[in-house]
1. Hey, can you tell me all the residues within segment 25-43 that are outside any loop (DSSP other than H, G, I, E, B), in contact with an Asp or Glu (Cβ under 8 Å, 6 or more places away or on another chain), at negative phi and open to solvent by less than 70 Å² (accessible area, probe 1.4 Å)?
2. Quick check on residue 80: is it among the small types (Gly, Ala, Ser) and in contact (Cβ under 8 Å) with a residue 12 or more places away in the chain?
3. Would you point out the residue of segment 44-69, among those that are assigned to a strand (DSSP E or B) and polar (S, T, N, Q), that is least open to solvent (accessible area, probe 1.4 Å)?
4. Looking only at residues in segment 70-112 that are open to solvent by 70 Å² or more (accessible area, probe 1.4 Å) and within 21 Å of residue 25 (Cβ to Cβ), which one is modelled with the lowest pLDDT?
5. Tally time: how many residues in segment 33-89 are hydrophobic (A, V, I, L, M, F, W, C), in contact with a helix residue (DSSP H, G or I) (Cβ under 7 Å, 6 or more places away or on another chain) and more than 21 Å from residue 114 (Cβ to Cβ)?
6. Filter segment 3-24 for residues that are open to solvent by 100 Å² or more (accessible area, probe 1.4 Å) and at pLDDT 50 or above and give the result.
7. Of all residues in segment 41-84 being closer than 18 Å to residue 100 by Cβ and of a type in the set (D, E, K, R), which is farthest from the chain's Cα centre (by Cα)?
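The values are calculated or read from the model by the stated rules, or taken from the named source; none is laboratory data. On a predicted model such as this, the values are computed, not experimentally measured, just so you know. Note: ideal-geometry Cβ built from the backbone for every residue, glycine included; neighbour counts use all protein chains shown. Accessible surface areas use protein heavy atoms only, side chains included; no ligands, DNA or RNA. Shrake-Rupley method; radii C 1.70, N 1.55, O 1.52, S 1.80 Å.
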Amino acid sequence: MRFRSTLPAVLGAALLLAAVPSSASAAEGQFRYDYVTVEGYEATGFLNSPPSGECVNLPGVGLENPEPGHSPKNRTDAWAEVFTDIDCEGASFPLRPHTGGASERLKVRSVVFH
């Protein structure tokens, strides 16, 4: 008798779990970069737990700013591939997970996490 009352509860829970959408994959941690604003101020940009597999144009260093970002720091748990142009175009450079800072000479405008 106990089996009959437990079976519907177990099936209901399984159906509920199957219906709940899973969260999107993301790189855990923070990606940081430095840049000079269009007003001429030093600034630091960052992405917290950025999406994986998607090109991200870095805020503050897009087409509105003639100066690209520099000195990227990949403090996420995923590989980051930084690009010299927006939309993940131009030269690319890989950054290992949990790395300090790259050289100030490394200019960046977009990134994708793998």
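1. Looking only at segment 25-43, we keep the residues that are outside any loop (DSSP other than H, G, I, E, B), and these are 26, 29-36, 42-43.
Next, from what is left, pick out any that are in contact with an Asp or Glu (Cβ under 8 Å, 6 or more places away or on another chain): 29, 34-36, 42-43.
Next, only the ones that are at negative phi stay: 34-36, 42-43.
Listed by number, the residues that qualify are 34, 35, 36, 43.
2. Working: among the small types (Gly, Ala, Ser): yes; in contact (Cβ under 8 Å) with a residue 12 or more places away in the chain: yes.
The answer is yes for residue 80.
3. First, pick out the residues of segment 44-69 that are assigned to a strand (DSSP E or B): 44-48, 51-52, 56-57, 69.
When the remaining residues are screened for being polar (S, T, N, Q), the result is 44, 48, 52, 57.
On the way: 44: 66, 48: 97, 52: 38, 57: 70 Å².
Residue satisfying both the conditions and the ranking: 52.
4. Among those residues, the one meeting the criterion is 98.
5. Keep residues of segment 33-89 that are hydrophobic (A, V, I, L, M, F, W, C), which gives 36, 38, 43, 46-47, 55-56, 58, 61, 63, 78-80, 82-83, 86, 88.
Then keep just the ones that are in contact with a helix residue (DSSP H, G or I) (Cβ under 7 Å, 6 or more places away or on another chain); that gives 55, 63.
From what is left, the residues that are more than 21 Å from residue 114 (Cβ to Cβ) are 63.
Summing the residues that are hydrophobic (A, V, I, L, M, F, W, C), in contact with a helix residue (DSSP H, G or I) (Cβ under 7 Å, 6 or more places away or on another chain) and more than 21 Å from residue 114 (Cβ to Cβ) in segment 33-89 gives 1.
6. Hit for segment 3-24 is 4, nothing else.
7. Out of the qualifying residues, it is 73.
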